[in-house]
Amino acid sequence: MALLEAVARKRVVTALYNGMTMKLAPHLLFERRGDLFVSAWNMSKNWRREDEPKLGHFKLDGMAEVALTEESFEPLPSFAPAAPRADDTLVMAI
């Protein structure tokens, strides 16, 4: 539920994923072959200056301790509200 609210309200979440705590700005939720994923900007990642941050795809089954924060975010300039692949199903987008 925290991820749904985060997408709807453009709020940052923290989550444990593959043993690492991450700060994510979720842009959309989608389904791929029966599994749910979130496309999010990983705000914890160190981006090189010349690189525009990109969305990563995170499987919801691999996430733990998801917590909604009060911090809001602006969508990435390159964001398009569409599922990443033609055979994915868009569930919700900002």
- [ ] Filter the stretch 13-49 down to the residues that are under 17 Å from Pro77 (Cα atoms) and of a type in the set (A, V, I, L, M, F, W, C), then identify the one that is farthest from the chain's Cα centre (by Cα).
- [x] Trp47
- [ ] Show the residue pairs that are 6+ apart or on different chains and have beta-carbon atoms under 6 Å apart, the first residue being within the stretch 10-37 and more than 17 Å from Ala67 (Cβ to Cβ), the second being part of a loop (DSSP other than H, G, I, E, B) and of a type in the set (Gly, Ala, Ser).
- [x] Phe30/Ala83
Open item on the list: Here is a check on your reading of the model: is Val7 crowded, with 19+ Cβ neighbours inside 10 Å, in contact with a Pro (Cβ under 7 Å, 6 or more places away or on another chain) and within 19 Å of Ala93 (Cβ to Cβ)?
Closed with: yes
- [ ] Please go through the stretch 45-59 and pick out each residue that is of a type outside the set (D, E, K, R) and exposed (fewer than 14 other Cβ atoms within 10 Å of the Cβ).
- [x] Asn46, Trp47
Open item on the list: So if I check each of Glu65, Glu70, Glu74, which one is touching a residue at least 24 places away in the same chain (Cβ under 8 Å) and at positive phi?
Closed with: Glu65
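Any read-out appearing in this document is the output of simple, stated calculations on the displayed coordinates, not a laboratory observation. Nothing here was measured: the structure is a model prediction, and the numbers come from that model. All Cβ positions, even for glycine, are placed from backbone atoms using ideal geometry, and neighbour counts span all protein chains on display.
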